[in-house]
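Take a look at the structure set out below.
The values are calculated or read from the model by the stated rules, or taken from the named source; none is laboratory data. These numbers were taken from a predicted model, which means no experiment stands behind them. We place every Cβ from the backbone using ideal geometry, glycine too, and count neighbours over all the protein chains shown.
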Ligand code: ADE
């Protein structure tokens, strides 16, 4: 997959050379290009921002450097692109959106700064996306979060037997608790069922724990998924135990 990022802080994206996303780049699963749109400014001081018409606090990113950086990308790689503008007022990012981004050939992220951008930048954009109801100082960290979450759905990025489809949020339930050696750590013991070797009992225990955790922490998620008969029975058990 090709991912291009327009940012005036390109060094921040060095973080994506590490860990799983770094490996994905080495394996050729991700071709990441970070373009500093300050390189496309036309004035002596290389300004990318200016004051808003009509007055008001703060500065806005100007349209021209972003338009010219996009033209540069289109000349270099003329294919179809999904162009994502990072904006706290955008649609909230989630696992479904990450899965849909993962199916694209080329994503472009435009990272804003200051108080916002000239509205005309939006004519270049296919999606306006936020990572949550809080405001960050720029779009770089949201972009990195989205690239990470998206790449997990690209086949081959996670290890051979690992699938992002089995994570929390993909099947709608939060993850059950997990333990590794030793079975007794400073008096804190692993639940007995997990060392019983009974795979069916372990499966049911895990499912029940996932349901319980979701009910306690994110009851809103339970309303969005269709529970099967076994899950409904376990949920009744959980309610009667509470
Ligand atoms: N830029 C600043 N805050 C943001 C947020 N919450 N999501 C996306 N982009 C942003």
Is at least one residue of segment 53-73 in the same structural domain as residue 128 (by TED's automatic domain parsing), within 23 Å of residue 104 (Cα to Cα) and free of Cβ contacts under 8 Å to residues at least 24 places away in the same chain?
-> yes
The residue that is farthest from the chain's Cα centre (by Cα), considering only those in segment 115-146 that are assigned to a helix (DSSP H, G or I) and either at pLDDT below 95 or within 13 Å of the ligand (Cβ to nearest atom) (or both), is 140
Inspect segment 81-102 for any residue being assigned to a loop (DSSP other than H, G, I, E, B), at pLDDT 95 or above and more than 16 Å from the ligand (Cβ to nearest atom) and give the result as yes or no.
-> yes
Could you please let me know if residue 212 is surrounded by fewer than 16 Cβ atoms within 10 Å (Cβ to Cβ) and within 22 Å of residue 238 (Cα to Cα)?
-> no
Within segment 82-101, identify whether any single residue is free of Cβ contacts under 8 Å to residues at least 12 places away in the same chain and surrounded by 12 or more Cβ atoms within 10 Å (Cβ to Cβ), and answer yes or no.
-> yes
Does segment 194-211 contain any residue that is part of a loop (DSSP other than H, G, I, E, B) and over 29 Å from residue 241 (Cβ atoms)?
-> no
Residues located in segment 103-114, provided they are outside any strand (DSSP E or B) and closer than 25 Å to residue 50 by Cβ = 111, 112, 113, 114
For segment 66-80, indicate whether the set of residues that are surrounded by 15 or more Cβ atoms within 10 Å (Cβ to Cβ) and under 23 Å from residue 135 (Cβ atoms) is non-empty.
-> yes
Among the residues of segment 212-229, the number that are part of a helix (DSSP H, G or I) and closer than 19 Å to residue 168 by Cβ is 10
